1. Counting every Cα pair in region 181-241, what percent are over 19 Å apart?
2. Sticking with the crude label model, points 7 Å out along Cα→Cβ, report the distance from LEU151 to TYR345 in nm, one decimal please.
3. Which of the lysines could a cross-linker span from LYS358 if the Cα-Cα distance has to be under 30 Å and same-chain partners fewer than 8 positions apart are dropped?
4. Non-local amide H neighbours of ASN238 (under 5 Å, H modeled in plane, Pro and chain starts lacking H): which ones?
5. Count charges around VAL509 for me, please; just the other residues with Cβ under 11 Å from its Cβ, Lys/Arg as +1, Asp/Glu as -1.
6. Can you figure out the FRET efficiency of PHE317 with SER287, using R₀ = 41 Å and their beta-carbon distance, to the nearest 0.05?
7. Which of the aspartates and glutamates could a cross-linker bridge to LYS159, judged by Cα under 20 Å and excluding same-chain residues fewer than eight apart?
8. Once you put a point 7 Å from the Cα of ALA198 and another 7 Å from the Cα of SER352, both along the Cβ direction, what distance in nm separates them?
Amino acid sequence: MNRLYLVFAVMFVLWSPHGLAASLTPTSNSFSSVAMVAQPDTAKQSAQGTEKAEALFESSSGQVDSIEPPRPMIPGFLQSPYGPPSFGAPYGTTHALGDWWGAQPWLQKHGLYVAIDDYESLSGNPIGGKRQSETDTGQTAVTLDVDFQRLLEMGTWSKNFWLHMLVLNGHGRNLSQIFGDNGNQVQQIYGARGNVVAHLVWAYFEKSWLQNRIDWSVGWIPTGTFFNNSPWVCSFMNVWMCGNITPTKYLTGGRDWPSGNIGTVLRLMPTSHFYIMGGLFAVSPHSYNGGISGWAWGQDGLGKLSTEAELGWIPEFGKDHLIGHYKVGAMYDNSKYDDLYDDRYGHAWIVSGLAPRKQSGQISAWVLADQMLLRHGEGATNGLILAGAYSYAQGQTSAMNHHLIAALMDTGHMWGRSLDSIGIAFQWANFSRSATLAQEAALTAGQPFQSSNFGTPYGIQGHENIYEFFYTYHVMTGMTLQPDFQYINHIGGTTVFKDAVVFSLAFNVSL
């Protein structure tokens with residue numbers, strides 16, 4: 001653990017507003033950060049002369065170019081109502097290396113937006129859990145976004161027509177699994193990437209019409225790129241928040257980042273403050289969507305479908321335009337899944353020896369809300385923000401059925417570091433009655449606990465509480481450091497192990 005403590009000591013030295021990092025901080029407001037809360041942007045200035053709706057989309061993205069673009073436009077993939085499809089380290093058009101010695105302006109002039117991002121996280125639990133340990137996890141990712149209008153110069157049909165691709169290489173060990181939590185992950189970057197050089201996360205086409213009031217995407221898409229997601233969730237490291245909200249992404253029909261799904265999404269936005277989205281995705285019965293590499297789209301058994309729908313309201317209150325994001329959505333997967341407890345007679349199948357009862361369909365629902373209370377400057381996330389979320393899944397087939405989140409975030413405006421961000425969050429996760437009954441039956445019968453969509457428990461599950469605090473330190477354009485503290489109460493939803501204290505330090509650079 002000495003390595004982790006040494007890194008934190010260095011952070012305390014740097015934390016002073018007059019420290020080393022302050023001398024490296026540019027005066028521009030254009031930057032990239034793991035925590036989207038602290039991303040004042042200049043999108044409105046970049047989009048002068050465009051429609052009001054486009055300006056809203058751009059201000060909501062939280063990411064802007066750090067170089068002069070060939071024309072005053074932000075890429076279409078940054079114009080979603082809640083920001084770009086970014087999870088973990090953000091990928092966009094902000095670069096620590098500037099314009100790549102002239103290469104970026106040339107690429108963008110020809111409709112090619114390229115970004116490289118590296119994210120590393122050192123985590124350790126000095127207290128609690130099955131045992132104490134420390135691990136490093138990380139990933140290197142590359143995005144390519146193609147604007148066909150610029151690339152092909154072939155008329156109006158190619159306007160707002162894009163191809164989006166993201167591939168990554170991940171590494172590391174799961175600290176949560178080491179200290180006894182097989183369902184949660186305290187590290188933002190871990191899991192589902194496969195032991196491959198380049199894991200495909202998304203590759204899809206996007207086309208919009210009527211100043212982006214109609215937007216259609218089709219291809220290989222992580223469901224949380226569009227659904228059950230908000231700008232603030234990946235400010236925090238814990239994976240039950242980052243990406244789309246748990247338990248939806250732990251359901252086979254809702255698997256998310258870095259798992260893609262063959263699917264399509266249609267978004268209608270009749271006004272700049274309201275949208276309705278619907279999506280249809282193929283359901284993979286395998287452990288990995290697209291195989292461990294993500295490139296094997298032609299898997300067998302893809303006959304079932306998952307449907308997701310979401311309504312969103314994006315108001316702006318008062319003269320300071322205090323922006324909010326309010327969303328409600330649901331998912332239905334028409335596959336059949338094993339009941340966690342019942343056999344066909346309603347008894348514990350783990351005891352009777354009969355096959356589990358098949359449940360037809362799987363349902364999940366969610367509500368997300370965030371509201372800026374005080375504004376500190378330009379940008380949709382530059383201020384004091386109160387946020388919360390609730391997500392539900394059917395307890396007969398999902399070990400977790402209820403999940404609540406409360407969060408409060410702000411920038412470092414009060415102490416002269418407006419590009420930094422700070423936040424605190426609380427999570428409560430409840431494990432279903434079916435899961436608990438199955439575990440009690442197994443314990444009584446002397447049988448091992450069965451695995452579920454949240455792993456194999458060490459004891460009878462009830463609920464798990466997670467307390468998290470982070471501070472994201474803006475070092476320079478495209479580079480951040482984020483110390484993070486988590487307290488895990490009832491590890492894995494059980495009382496088998498003592499509560500764990502986890503310290504992490506994440507480094508992110510967008511090249």
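The values are calculated or read from the model by the stated rules, or taken from the named source; none is laboratory data. This structure is a prediction, so every number in the text was calculated from the model and none was measured. Cβ atoms come from the backbone with ideal geometry, glycine included; neighbour counts cover every protein chain shown. In case anyone asks, the SASA skips ligands and DNA or RNA and just uses the protein heavy atoms, side chains included. Shrake-Rupley method; radii C 1.70, N 1.55, O 1.52, S 1.80 Å.
1. For region 181-241, the share of Cα pairs beyond 19 Å comes to 52 percent.
2. Taking the two extended label points, one gets 6.1 nm.
3. LYS249, LYS304, LYS336
4. Counting only residues 5 or more places away or on other chains, the set is empty.
5. -3
6. Efficiency at R0 = 41 Å is approximately 0.35.
7. Leaving aside aspartates and glutamates fewer than 8 places away in the same chain, those within reach of LYS159 are GLU51, GLU54, GLU58, ASP145, ASP147, GLU206, ASP215.
8. 5.1 nm
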